[in-house]
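Quick notes on the structure that follows.
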Amino acid sequence: ISGLFDSPPGSDDAKLIDIFYPGDQQSVTFGTKSRVGMGGMEAKVKAALWALQGGTSVVIANGTHPKISGHVITDIVEGKKVGTFFSEVKPAGPTVEQQGEMARAGGRTLAALQPEQRAEIIYRLADLLTDQREEILLANKKDLEDAENKGRLALPLLKRLSLSTSKLNSLAIGLRQIAASSQDSVGRVIRRTRVAKDLDLEQVTVPIGVLLVIFESRPDCLPQVSALAIASGNGLLLKGGKEAAHSNQILHHLTQEALSIHGVKDAVQLVNTREEVEDLCRLDKLIDLIIPRGSSQLVRNIQKAAKGIPVMGHSEGICHVYVDTDASVEKVTRIIRDSKCEYPAACNALETLLIHRDLLRTPLFDQIIDMLRVEQVKIHAGPKFASYLTFSPSEVKSLRTEYGDLECCIEVVDSVGEAVEHIHKYGSSHTDVIITENEKTAEFFLQHVDSACVFWNASTRFSDGYRFGLGAEVGISTSRIHARGPVGIEGLLTTKWLLRGDNHVVSDFSEHGSMKYLHESLPLPQRNTN
């Protein structure tokens with residue numbers, strides 16, 4: 001017995017009831033008694049309720065086919081969602097399953113709105129971020145104080161948790177960009193084909209469905225992701241870290257206030273229950289795409305836990321800058337400083353600096369080292385770099401390290417080709433940069449480095465949805481399927497095919513049939529570029 005269901009088990013829409021309350025007994029219909037032994041589910045439920053009244057916790061679960069790790073009793077004791085849990089305390093809000101269904105229904109209504117109406121919602125949210133600045137910063141202050149008092153968060157995570165007036169202003173600008181660029185994102189015709197006479201085929205953009213975004217520390221992620229989901233007509237479930245609970249609460253409240261202007265408040269849901277991420281990752285009938293925003297460990301855990309739901313994202317941001325022999329002295333220190341020091345906790349910050357061997361013991365090399373020392377960047381030496389030095393910095397433990405702080409690895413390479421090989425071997429396919437004045441070398445690097453973002457004479461920090469003009473991003477994807485690099489509105493859309501005919505049947509196109517395939521490409525409708 002797997003637990004109690006809301007309709008006969010095995011029927012198409014039967015759902016397992018995770019938590020059962022004594023008051024729910026009246027709404028349950030019991031089936032006939034089982035062929036083996038005395039009494040069916042009715043006897044089990046009566047026994048469970050009797051035990052509950054005596055102060056004993058009860059779970060009815062399947063002991064022969066454990067759902068999670070293979071040890072059903074230990075899973076239950078650890079609080080994992082297994083079977084039906086009997087409880088006398090009813091939570092104040094909806095269950096996460098109900099929130100998923102609300103997001104699905106709200107998302108479909110959102111997708112059916114006119115593009116101008118979706119844009120209005122996002123403009124309203126942008127205004128609320130600046131109008132309600134004081135309340136947002138007050139809530140964020142509570143989160144920062146709680147984090148500092150508990151001493152739970154490392155300095156890079158505290159920086160991510162912190163909101164400021166300038167951050168809110170930048171967020172509002174980004175949201176207005178999204179609103180302006182989203183006018184024809186949903187329902188855009190991307191291909192038209194005349195299959196045969198009076199039989200026309202169109203491929204149009206549509207929302208993916210319901211997104212689950214799980215994010216750590218970064219409350220500014222909530223309005224960004226919400227705006228992208230609204231622009232693309234997707235329902236959204238948000239699961240933030242408890243360290244940002246106060247900030248997330250007010251930002252979600254403002255998002256729902258903006259959605260209310262067109263009656264689609266339910267499209268964006270914040271999961272407040274103590275739902276484990278593992279449990280959320282198993283809601284494959286409610287969630288179409290999971291987007292983790294946080295540490296590489298979080299992303300790996302989600303990729304492991306997600307059963308049958310695609311995960312978009314990157315597990316690491318090991319970004320390289322390669323300094324070529326033909327690099328400009330003026331550009332090198334500026335680009336390296338910005339890539340490493342502007343925001344070292346970001347996933348698009350420089351982690352490994354590759355230097356051409358001919359630059360060692362040159363004034364340019366000395367300038368790079370002096371700049372890193374002034375910026376208090378701790379240097380780790382790669383094995384080849386260490387072999388050139390009498391007294392080297394600490395040798396790196398691994399060339400595949402994301403420091404997320406004022407630390408970086410320096411390694412030496414003999415050529416641009418070796419730099420490319422190093423990046424492919426130790427990188428994470430995120431963002432990689434070459435600094436050179438030699439156009440031929442630069443083009444070789446741009447064409448051969450197989451990463452989501454590859455730059456010439458520009459900081460790694462440009463790898464960002466806002467800086468790319470996408471308004472914002474739900475994350476940076478190193479996946480090779482669907483979206484890659486900073487993922488904006490386009491990455492949250494898929495397509496469907498619309499075929500308009502007039503009594504057409506396939507048999508008419510057989511060898512002796514009356515119809516012939518034309519497969520003519522038709523012009524696309526004019527896009528609204530205002």
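For the range 201-227, give me each residue that is open to solvent by 10 Å² or more (accessible area, probe 1.4 Å), part of a strand (DSSP E or B) and out of contact with any Ser or Thr (no Cβ under 7 Å at 6 or more places or on another chain).
Across the range 201-227, the qualifying residue is only Glu202.
If the requirement is being in a helix (DSSP H, G or I) and either at pLDDT 95 or above or open to solvent by 70 Å² or more (accessible area, probe 1.4 Å) (or both), which of these qualifies: Ile173, Ile178?
Ile173
Quick check on this structure: which one of Gln203, Gln249, Gln256 is free of Cβ contacts under 8 Å to residues at least 24 places away in the same chain and touching a strand residue (DSSP E or B) at 6+ places or on another chain (Cβ under 9 Å)?
Gln256 is the lone residue from the list that is free of Cβ contacts under 8 Å to residues at least 24 places away in the same chain and touching a strand residue (DSSP E or B) at 6+ places or on another chain (Cβ under 9 Å).
Of everything in the range 379-404 that's at pLDDT 90 or above and farther than 18 Å from Arg357 by Cβ, which residue is least open to solvent (accessible area, probe 1.4 Å)?
By that ranking, first place goes to His380.
Take the residues in the range 491-530 that are without any contact (Cβ under 8 Å) to a residue 24 or more places away in the chain, open to solvent by 50 Å² or more (accessible area, probe 1.4 Å) and in a loop (DSSP other than H, G, I, E, B); name whichever of them is farthest from Arg191 (Cα to Cα).
His512
Being open to solvent by 20 Å² or more (accessible area, probe 1.4 Å) and under 20 Å from Gln114 (Cβ atoms): is that true of Gly263 here?
yes
Would you mind finding the one in Gln132, Gln114, Gln98 that is in contact (Cβ under 8 Å) with a residue 24 or more places away in the chain and of a type in the set (S, T, N, Q)?
After applying the criteria, what remains is Gln132.
Quick one: count up the residues across the range 326-367 that are of a type in the set (Ser, Thr, Tyr) and over 38 Å from the mean Cα position of the chain (by Cα).
Selection size over the range 326-367: 1.
Looking at the range 467-485, which of its residues are more than 20 Å from Lys340 (Cβ to Cβ), in contact with a helix residue (DSSP H, G or I) (Cβ under 8 Å, 6 or more places away or on another chain) and not polar (S, T, N, Q)?
Result: Phe468, Gly469, Leu470, Gly471, Ala472, Glu473, Val474, His482, Ala483.
Here are the criteria: (1) modelled with pLDDT under 85; (2) surrounded by fewer than 19 Cβ atoms within 10 Å (Cβ to Cβ); (3) closer than 19 Å to Val96 by Cα. Tell me which single one Leu298 does not satisfy.
(3)
Somewhere in the range 471-490, is a residue part of a strand (DSSP E or B), surrounded by fewer than 14 Cβ atoms within 10 Å (Cβ to Cβ) and not hydrophobic (A, V, I, L, M, F, W, C)?
no
Count, please, the residues in the range 16-29 that happen to be at pLDDT below 80, assigned to a loop (DSSP other than H, G, I, E, B) and surrounded by 14 or more Cβ atoms within 10 Å (Cβ to Cβ).
Qualifying residue count for the region: 1.
Would you tally the residues in the range 382-407 being in contact with an Asp or Glu (Cβ under 6 Å, 6 or more places away or on another chain), hydrophobic (A, V, I, L, M, F, W, C) and within 16 Å of Leu350 (Cβ to Cβ)?
1
Inspect the range 274-283 for any residue being under 20 Å from Ala111 (Cβ atoms) and open to solvent by less than 50 Å² (accessible area, probe 1.4 Å) and give the result as yes or no.
Checking the range 274-283: not a single residue is under 20 Å from Ala111 (Cβ atoms) and open to solvent by less than 50 Å² (accessible area, probe 1.4 Å).
Can you tell me how many residues within the range 245-284 are in a loop (DSSP other than H, G, I, E, B) and either among the hydroxyl-bearing types (Ser, Thr, Tyr) or out of contact with any Asp or Glu (no Cβ under 8 Å at 6 or more places or on another chain) (or both)?
11
What are the pairs with Cβ atoms under 6 angstrom where one residue, in the range 305-319, is closer than 19 Å to Phe462 by Cα and modelled with pLDDT of 85 or more and the other, located anywhere, is among the charged types (D, E, K, R) and surrounded by 21 or more Cβ atoms within 10 Å (Cβ to Cβ)? Sequence gap at least six, or different chains.
Note: pairs meeting the criteria are Ile318/Glu351; Cys319/Glu351.
Listed residues Ala47, Ala119, Ala105, Ala43; which is modelled with pLDDT under 85, small (Gly, Ala, Ser), open to solvent by less than 80 Å² (accessible area, probe 1.4 Å) and in a helix (DSSP H, G or I)?
When all the criteria are applied, what remains is Ala43.
Given the criterion farther than 30 Å from Val332 by Cβ, over 19 Å from the mean Cα position of the chain (by Cα) and not basic (Lys, Arg), identify the matching residue among Val449, Val433, Val505.
That would be Val505, the only listed residue that is farther than 30 Å from Val332 by Cβ, over 19 Å from the mean Cα position of the chain (by Cα) and not basic (Lys, Arg).
Any idea which of Ile230, Ile318, Ile336 is buried (at least 24 other Cβ atoms within 10 Å of the Cβ), touching a Lys or Arg at 6+ places or on another chain (Cβ under 8 Å) and within 30 Å of Leu359 (Cα to Cα)?
After ruling out the rest, the residue left standing is Ile318.
Test each condition in (1) in contact with a helix residue (DSSP H, G or I) (Cβ under 7 Å, 6 or more places away or on another chain); (2) open to solvent by less than 20 Å² (accessible area, probe 1.4 Å) for Val186 and report the one that comes out false.
Unmet condition: (2).
For the range 427-460, which positions are in contact with a His (Cβ under 8 Å, 6 or more places away or on another chain) and surrounded by fewer than 19 Cβ atoms within 10 Å (Cβ to Cβ)?
Asp450
The values are calculated or read from the model by the stated rules, or taken from the named source; none is laboratory data. The structure displayed is predicted, hence computed values, not measured ones. Every residue, glycine among them, receives a Cβ derived from its backbone with ideal geometry; neighbour counts consider all protein chains shown. Surface areas here come from the heavy atoms of the whole protein model, side chains and all, with no ligands, DNA or RNA. Shrake-Rupley method; radii C 1.70, N 1.55, O 1.52, S 1.80 Å.
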